[in-house]
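I have placed the structure first, in the form of structure tokens, so that the comments after it can refer back to it.
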Amino acid sequence: MTTELTPTERAAQFRFTFPENDSSFIVIDAFDKGSYIKIIPEEKKIIGYTTRNSGGVTKDFKNFFVLLIDKPFDLAYTWKGKDLDRNSLEMKADHSGAIIGFKTKKGEKIGVKVASSFISHEQAEISLARELGKDDFETTRSKAKAAWNKQLSRLKVEGGSVEQVKTFYSCLYRTIQFPQKHYEIDGSGKIHHYSPYNGKTLPGYLFAGTGFWDTFRALYPFLNLVYPSINKEMQEGLINAYKEGGFLPEWSSPGFRNIMVGNNSASVVSDAYIKGLRGYDINILYEALLKGANNEGPMTAVGRKGVEYYNELGYVPYDVKINENAARTLEYAYDDFAIYQLGKALGRPKSETDLYAKRAMNYKNLFDKESNLMRGKNKDGKFQAPFNPLKWGDAFTEGNSWHYSWSVFHDIEGLKELMGGNKEFVRMLDSVFIMPPVFDDSYYGGVIHEIREMQVMNMGQYAHGNQPIQHMLYLYNYAGQPWKSQYWVRRVMDQLYKPTPDGYCGDEDNGQTSAWYVFSAMGFYPVCPATDQYVFGTPLFKKLTVSLENGKKLVINAPSNSERNLYVQKISMNNKPVNRNWIGHQEILKGATLQVDMGAAPAKGRGTTPAAFPYSFSTDKAAK
Ligand code: CA
């Protein structure tokens with residue numbers, strides 16, 4: 001038998017090719033943990049639902065489905081568990097299913113159209129009719145191909161190897177799979193959704209399947225640059241999530257999930273608005289950010305666990321039984337910066353924005369001069385002891401102090417000062433790669449896959465397979481040594497991403513690790529979302545063209561680019577020299593052609609003056 005499958009957004013077509021047989025079957029499995037199925041032979045239809053889920057839904061959750069088969073059945077049975085029921089066309093059980101059977105000729109094809117819905121059987125049938133209609137398999141297949149091509153061709157690369165082109169588009173494909181549309185379209189064309197927050201069917205958008213802890217870093221900034229209209233729908237979805245759940249989600253799959261730490265919805269909301277998205281109720285989202293920033297949520301990963309300590313002491317203490325407290329503090333401080341930025345953009349009162357500006361500096365409370373790194377701190381103001389900067393977990397989240405000490409996205413200048421100035425900062429950055437990939441896994445009681453990936457990648461303590469350190473390569477730009485960013489970014493692109501089954505360096509994590517690659521291949525990266533800046537790295541292709549939604553183009557020309565010529569010598573934009581280590585979002589939106597001269601040796605004069613450095617909060621005159 002050959003089985004083929006082709007998708008639409010909420011439906012799919014199967015094509016089964018059978019041998020000559022008087023007893024060919026299709027088995028439909030509605031899953032265990034509570035399911036229902038009904039065969040309607042006169043309509044060549046099967047409907048059912050499964051209640052199976054992995055959490056993040058309300059008690060009455062159902063995933064409804066409908067199947068239309070294009071050949072009359074010679075037999076139809078239901079089953080539950082291991083028992084066949086030859087007498088009933090309907091079954092409700094812990095684990096139910098159906099079997100339909102046919103006589104088939106050699107090479108006979110049987111088509112099955114299927115659609116699902118979180119709302120109802122009726123909605124599943126509406127989606128099936130809307131998305132598949134009378135289309136045959138080949139039509140759906142060509143429509144799916146055209147739909148993907150339309151999105152993927154927004155970025156066009158030229159002058160790379162076949163391997164690089166495959167890797168690039170594979171990464172772009174994975175990036176834009178997240179988050180997923182959780183909403184459905186009713187019979188009159190209106191958008192509505194099953195709410196995983198309160199179980200109701202309600203009007204409007206909802207998206208799910210994203211963890212902001214990962215995706216605030218590069219995936220949402222990428223949407224804001226290339227696909228802003230869909231992120232506008234996502235922002236509307238967040239408004240609905242807030243109305244229905246009382247808090248913004250931090251990890252939605254599909255509802256609230258108790259995964260990871262931080263309050264990074266602040267970054268997702270703020271970055272969208274600062275990058276220019278409009279046409280939705282930003283004020284209610286701002287209200288949601290303030291609520292999330294000042295309250296514990298229904299679970300530790302929603303709102304801010306330890307918020308009273310954080311607001312009073314300026315950090316979440318190590319010794320008050322709140323896990324991953326240093327990671328929480330660092331992320332809350334950045335999130336406060338994101339709230340400050342949005343508050344300022346919305347013209348909120350100075351007394352309010354000042355509070356978040358002050359809290360944005362809370363990262364300083366965890367800086368330990370002795371190790372020159374971030375370290376957990378007890379309630380009494382003393383640092384945690386003992387302290388092993390190579391210990392994964394504990395005060396940090398799926399990483400160690402060497403991975404987390406850079407999580408000061410908004411104020412690298414301030415971090416540099418704490419570490420002892422430019423030279424010492426660069427020495428600390430270099431140390432990440434010089435140290436061997438040793439680790440302390442005692443917190444987890446064994447090697448977690450993120451640790452193993454760091455060892456296998458063999459770049460010292462650099463752990464690209466997990467997210468907290470992914471922006472760190474770009475930080476040399478803040479210290480006047482942009483060529484080191486270029487060297488490491490190119491090495492990571494070349495060595496840690498391959499178009500092979502084992503060619504990926506760790507967790508995809510909702511598209512974030514792919515979004516890192518796509519940005520990096522363009523030649524810049526959003527080190528600090530909720531600002532206007534992208535920090536330069538090194539472009540991967542001789543030419544890359546982005547068709548922006550506003551009709552303008554971003555073109556990155558680097559004709560002398562090669563495996564050897566990985567160092568940026570000179571950049572000009574629209575024929576004017578660019579001596580800084582970053583590019584602005586608004587200047588890209590106006591349409592920009594970057595001409596990048598590449599060479600085999602570092603251009604050690606370029607980008608070395610403080611004026612060339614990217615944004616840091618402590619040197620932001622407008623903030624003072
Ligand atoms: Ca991860």
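Give segment 32-69 a look and list any residue that's more than 29 Å from the chain's Cα centre (by Cα), under 23 Å from residue 82 (Cβ atoms) and among the basic types (Lys, Arg), or say none. Across segment 32-69, the qualifying residues are 33, 38. For segment 506-522, the set of residues classified as within 16 Å of the ligand (Cβ to nearest atom), assigned to a helix (DSSP H, G or I) and either in contact with a Lys or Arg (Cβ under 7 Å, 6 or more places away or on another chain) or of a type in the set (A, V, I, L, M, F, W, C) (or both) consists of 512, 514, 515, 516, listed by residue number. Based on this model, can you work out whether residue 534 counts as within 18 Å of residue 608 (Cα to Cα), open to solvent by less than 10 Å² (accessible area, probe 1.4 Å), assigned to a helix (DSSP H, G or I) and more than 16 Å from the ligand (Cβ to nearest atom)? Criteria not met by residue 534. Among all residue pairs at least 6 apart or on different chains, which show Cβ distances below 8 Å where the first residue, located in segment 108-129, is farther than 22 Å from residue 196 by Cα and the second is in a helix (DSSP H, G or I)? From residues that are farther than 22 Å from residue 196 by Cα, the pairs are 111/137; 113/128; 114/128. Restricting 618, 572, 562 to those that are among the hydroxyl-bearing types (Ser, Thr, Tyr) and buried (at least 17 other Cβ atoms within 10 Å of the Cβ) reduces the list to 618. Restricting 310, 286, 315, 334 to residues that are open to solvent by less than 30 Å² (accessible area, probe 1.4 Å) and outside any helix (DSSP H, G or I) narrows the list to 315.
Is it true that some residue in segment 163-172 is among the hydrophobic types (A, V, I, L, M, F, W, C) and farther than 20 Å from residue 526 by Cα? Within segment 163-172, one or more residues are among the hydrophobic types (A, V, I, L, M, F, W, C) and farther than 20 Å from residue 526 by Cα. Here segment 232-244 is the region considered, the condition is being within 16 Å of the chain's Cα centre (by Cα) and aliphatic (A, V, I, L, M), and the residue that is surrounded by the most Cβ atoms within 10 Å (Cβ to Cβ) is 238. Check whether at least one residue in segment 426-442 is crowded, with 18+ Cβ neighbours inside 10 Å, within 14 Å of the ligand (Cβ to nearest atom) and of a type outside the set (S, T, N, Q), and report yes or no. There is no residue in segment 426-442 that is crowded, with 18+ Cβ neighbours inside 10 Å, within 14 Å of the ligand (Cβ to nearest atom) and of a type outside the set (S, T, N, Q). Out of all the residues in segment 407-424, is one or more within 16 Å of the ligand (Cβ to nearest atom), assigned to a loop (DSSP other than H, G, I, E, B), touching a strand residue (DSSP E or B) at 6+ places or on another chain (Cβ under 9 Å) and more than 30 Å from residue 162 (Cα to Cα)? Yes, segment 407-424 contains at least one residue that is within 16 Å of the ligand (Cβ to nearest atom), assigned to a loop (DSSP other than H, G, I, E, B), touching a strand residue (DSSP E or B) at 6+ places or on another chain (Cβ under 9 Å) and more than 30 Å from residue 162 (Cα to Cα).
Please verify whether residue 380 is loosely packed, with under 15 Cβ neighbours inside 10 Å, more than 16 Å from the ligand (Cβ to nearest atom) and part of a loop (DSSP other than H, G, I, E, B), treating the condition exactly as stated. Working first, answer last.
Working: loosely packed, with under 15 Cβ neighbours inside 10 Å: yes; more than 16 Å from the ligand (Cβ to nearest atom): yes; part of a loop (DSSP other than H, G, I, E, B): yes.
So residue 380 passes the test.
Considering every residue within segment 208-225, establish whether at least one is on the phi > 0 side of the Ramachandran plot, more than 16 Å from the ligand (Cβ to nearest atom) and not polar (S, T, N, Q). No, the conditions are met nowhere in segment 208-225.
Inspect segment 2-15 for any residue being at pLDDT 95 or above, surrounded by fewer than 20 Cβ atoms within 10 Å (Cβ to Cβ) and more than 33 Å from the chain's Cα centre (by Cα) and give the result as yes or no. Yes: one or more hits. Looking across segment 232-258 at every residue that is touching a Phe, Trp or Tyr at 6+ places or on another chain (Cβ under 6 Å) and in a loop (DSSP other than H, G, I, E, B), the one that is farthest from residue 507 (Cα to Cα) is identified as 248. Filtering segment 130-153 to residues that are touching a residue at least 60 places away in the same chain (Cβ under 8 Å), farther than 14 Å from residue 13 by Cβ and touching a Leu at 6+ places or on another chain (Cβ under 7 Å) leaves nothing. Of the listed requirements (1) more than 26 Å from residue 186 (Cβ to Cβ); (2) free of Cβ contacts under 8 Å to residues at least 40 places away in the same chain; (3) buried (at least 18 other Cβ atoms within 10 Å of the Cβ), residue 50 misses just one: (1). Going by the conditions given, is residue 446 in a loop (DSSP other than H, G, I, E, B) and either within 16 Å of the ligand (Cβ to nearest atom) or within 24 Å of residue 214 (Cα to Cα) (or both)? Considered against the rule, which asks whether it is in a loop (DSSP other than H, G, I, E, B) and either within 16 Å of the ligand (Cβ to nearest atom) or within 24 Å of residue 214 (Cα to Cα) (or both), residue 446 comes out as yes.
So, in segment 537-552, exactly how many residues are open to solvent by 10 Å² or more (accessible area, probe 1.4 Å), assigned to a strand (DSSP E or B) and either at positive phi or of a type outside the set (Ser, Thr, Tyr) (or both)? Residues that pass the stated criteria total 1. Pairs linking a residue in segment 465-489 that is over 20 Å from residue 324 (Cα atoms) and of a type in the set (Val, Ile, Thr) to a residue that is away from the ligand (no atom under 16 Å from the Cβ) and open to solvent by less than 10 Å² (accessible area, probe 1.4 Å), with Cβ atoms under 6 Å and 6 or more positions apart or on different chains, are 489/473; 489/520; 489/537; 489/538. Looking at the structure I just gave you, is residue 555 in a strand (DSSP E or B) and surrounded by fewer than 19 Cβ atoms within 10 Å (Cβ to Cβ)? Considered against the rule, which asks whether it is in a strand (DSSP E or B) and surrounded by fewer than 19 Cβ atoms within 10 Å (Cβ to Cβ), residue 555 comes out as yes. Of the conditions (1) of a type in the set (A, V, I, L, M); (2) farther than 19 Å from residue 476 by Cα; (3) crowded, with 16+ Cβ neighbours inside 10 Å, residue 583 fails just one. Which one is it? Here residue 583 clears every test but (2). Restricting the first member to segment 504-518 and to residues that are without any contact (Cβ under 8 Å) to a residue 40 or more places away in the chain, and the second to residues that are more than 9 Å from the ligand (Cβ to nearest atom) and open to solvent by 20 Å² or more (accessible area, probe 1.4 Å), the beta-carbon pairs closer than 8 Å and six or more apart or on different chains are 504/498. Out of 503, 480, 460, one residue alone is at pLDDT below 95, surrounded by fewer than 24 Cβ atoms within 10 Å (Cβ to Cβ), away from the ligand (no atom under 16 Å from the Cβ) and not acidic (Asp, Glu). It is 503.
The values are calculated or read from the model by the stated rules, or taken from the named source; none is laboratory data. Just so it is clear, the model here is predicted, and its values are computed rather than measured. When we count neighbours, we look across all protein chains shown, and the Cβ atoms used for this are built from the backbone with ideal geometry, even at glycine. Ligands, DNA and RNA are stripped out before the accessible areas are found, and what is left, the full protein with its side chains, is counted by its heavy atoms. Shrake-Rupley method; radii C 1.70, N 1.55, O 1.52, S 1.80 Å.
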